[in-house]
There are 2 protein chains.
Amino acid sequence: MIQKKKAVPLSRERIVEAAVVLADAGGFQSLSMRNIAEDLGAGTMALYRHVANKEDLLDDMVDGVFAEMYAPAIGGDWKRELRDRGISARTALRRHPWAVGLMETRMHPGPASGNHHNATMGCLREGGFPFRDAVHAYNLLDAYTYGFALQEQTIPFETPEESGHMAAATVGERGDEYPYLAEVALELGKRGYDYAEEFEFGLDFILDGLERYRRTIRSRRRPR
Amino acid sequence: MIQKKKAVPLSRERIVEAAVVLADAGGFQSLSMRNIAEDLGAGTMALYRHVANKEDLLDDMVDGVFAEMYAPAIGGDWKRELRDRGISARTALRRHPWAVGLMETRMHPGPASGNHHNATMGCLREGGFPFRDAVHAYNLLDAYTYGFALQEQTIPFETPEESGHMAAATVGERGDEYPYLAEVALELGKRGYDYAEEFEFGLDFILDGLERYRRTIRSRRRPR
DNA sequence: AGGTATCGCGTACGATGTACGCATGTCAAG
DNA sequence: CTTGACATGCGTACATCGTACGCGATACCT
């Protein structure tokens with residue numbers, strides 16, 4: 001008997017999943033409808049039965065990344081919950097580097113995104129932050145997290161040797177012109193640079209600051 | 001007499017400038033070599049005499065944005081200098097929204113970028129931050145700044161009405177499902193949202209935290 | 001059996017980045 | 001003035017992209 005042509009039928013989920021795998025492996029530039037279809041063993045135009053257009057697909061891909069992030073528990077210890085959320089968010093964005101650049105253009109947030117943002121905001125509000133201050137806190141945490149992810153992939157070096165080499169190449173022969181950059185290149189070449197550690201320092205810095213700030217608010221509310 | 005064909009000769013600068021103007025006005029998607037050439041009244045392939053390829057051009061465009069940011073004075077009051085730098089950086093990124101998404105892919109930082117980063121690092125070092133702590137501070141400030149710029153353009157609403165409408169559309173009919181998001185939609189619709197103000201709150205939050213952190217370091221250096 | 005969706009896909013079109021080579025203008029050397 | 005070298009502008013051509021359109025095959029209900 002000849003092998004069945006289509007054991008597994010196409011579906012929106014399968015397409016999105018294949019697209020994510022492809023973008024993870026080959027970078028965003030390799031994410032073409034033709035390549036996705038080929039990976040699925042399907043014709044290019046078959047995809048359009050399940051996806052309105054590429055934008056639509058990108059929306060779902062981004063929402064999938066949000067689904068991978070830990071959604072903080074709304075009634076829990078806000079500081080611990082948001083710390084876990086931050087670390088999880090960075091990990092997800094690191095696993096899917098294309099996502100950061102994509103958020104910029106996304107106009108149709110999906111359900112996972114909605115759920116995640118709602119949980120984060122809820123965690124802050126129930127943690128004792130008045131509305132305006134919760135917005136401030138939310139802004140600080142998210143901007144830092146996305147910004148870190150953005151920078152992390154701008155100059156991606158993993159090992160100390162790489163970082164030293166990379167930094168040296170960046171500074172070039174202008175060591176005299178940019179002495180402080182040269183210092184960074186030198187020190188990072190020697191001791192290396194741990195992204196996870198650096199991220200957590202900044203995250204804790206912000207969370208500690210928020211805790212202090214929160215105490216200020218509360219004591220101000222019943223003064224005298 | 002017939003008008004001269006080429007009063008102004010093509011040049012790298014003119015091309016980069018035209019590209020920036022075009023991207024600012026028509027968005028990144030309208031930035032094609034053909035469109036740039038047309039705006040310059042030149043043939044498409046004429047550009048390639050001055051620019052290796054599109055990537056090369058994008059590199060220069062991004063470097064131009066760095067050139068627009070205030071470079072902090074290295075011997076000065078670090079907190080004030082970095083505050084000015086932050087505000088200037090956000091303004092530049094707001095003026096050229098395409099720049100944020102572009103940094104992600106840039107691999108060849110230009111001279112303005114080098115100068116800017118060197119000045120920022122120098123400002124921290126001379127402001128009394130030991131190397132490792134200067135790196136931390138630098139990371140915090142840059143991640144927050146870029147991240148804020150990224151979010152600012154993800155959901156761009158200017159007026160209170162827009163923000164209310166946008167937030168409502170985002171939440172959709174799921175007001176019950178996402179109560180905390182609904183609150184944001186409601187409150188922002190009522191009172192509006194000032195991006196500049198929000199940015200400065202976060203920037204000052206970080207700078208104040210850094211000042212406190214710096215005092216900790218210094219007192220720890222001569223203990224007892 | 002016949003009608004009606006649904007699904008997969010082949011062809012085709014317009015837009016993009018750019019390799020290649022020719023045309024023209026400028027200028028120095030003979 | 002002639003000649004050759006070099007810099008600059010540009011037209012053609014091609015590969016690759018997203019996707020509009022319509023045809024054939026399958027599945028399911030009556």
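Per-residue answers, yes or no, for (1) within 19 Å of the chain's Cα centre (by Cα); (2) over 25 Å from A:Lys54 (Cα atoms); (3) of a type outside the set (Asp, Glu):
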residue: A:Ala73; (1), (2), (3): no, yes, yes
residue: A:Trp78; (1), (2), (3): no, yes, yes
residue: A:Arg83; (1), (2), (3): yes, yes, yes
residue: A:Ser88; (1), (2), (3): yes, yes, yes
residue: A:Pro109; (1), (2), (3): yes, no, yes
residue: A:Ser113; (1), (2), (3): yes, no, yes
residue: A:Ala134; (1), (2), (3): no, yes, yes
residue: A:Ala149; (1), (2), (3): yes, no, yes
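Of all residue pairs spaced 6 or more apart or on separate chains, those with beta-carbon atoms under 7 Å, a first member in segment B:62-81 that is within 13 Å of chain A (Cβ to nearest Cβ) and within 23 Å of B:His96 (Cα to Cα) and a second member that is among the basic types (Lys, Arg) and crowded, with 20+ Cβ neighbours inside 10 Å are B:Pro72/B:Arg85. Is it fair to say B:Gly127 is modelled with pLDDT under 95, more than 7 Å from chain A (Cβ to nearest Cβ) and more than 15 Å from the chain's Cα centre (by Cα)? It is false that B:Gly127 is modelled with pLDDT under 95, more than 7 Å from chain A (Cβ to nearest Cβ) and more than 15 Å from the chain's Cα centre (by Cα). Flag set for B:Asp133, criterion: among the charged types (D, E, K, R) and within 11 Å of another protein chain (Cβ to nearest Cβ).
Scanning segment A:11-41 for residues that are within 12 Å of DNA strand D (Cβ to nearest atom) and assigned to a loop (DSSP other than H, G, I, E, B) returns A:Gly27, A:Leu31, A:Ser32. Put simply, of A:Leu47, A:Leu102 the only residue that is more than 16 Å from the chain's Cα centre (by Cα), assigned to a helix (DSSP H, G or I) and within 16 Å of DNA strand D (Cβ to nearest atom) is A:Leu47. Being surrounded by 15 or more Cβ atoms within 10 Å (Cβ to Cβ) and either away from DNA strand C (no atom under 12 Å from the Cβ) or not hydrophobic (A, V, I, L, M, F, W, C) (or both) is the filter here; which residues of segment B:22-38 pass it? Matches in segment B:22-38: B:Asp24, B:Asn35.
Is it true that A:Asp56 is surrounded by fewer than 20 Cβ atoms within 10 Å (Cβ to Cβ), more than 14 Å from chain B (Cβ to nearest Cβ), near DNA strand D (Cβ under 9 Å from one of its atoms) and of a type in the set (Asp, Glu)? Before the answer, list the steps.
On the way: surrounded by fewer than 20 Cβ atoms within 10 Å (Cβ to Cβ): yes; more than 14 Å from chain B (Cβ to nearest Cβ): yes; near DNA strand D (Cβ under 9 Å from one of its atoms): yes; of a type in the set (Asp, Glu): yes.
When the stated conditions are applied, A:Asp56 passes them.
The values are calculated or read from the model by the stated rules, or taken from the named source; none is laboratory data. Just so it is clear, the structure is predicted and the values come from calculations on it, not from any experiment. All Cβ positions, even for glycine, are placed from backbone atoms using ideal geometry, and neighbour counts span all protein chains on display.
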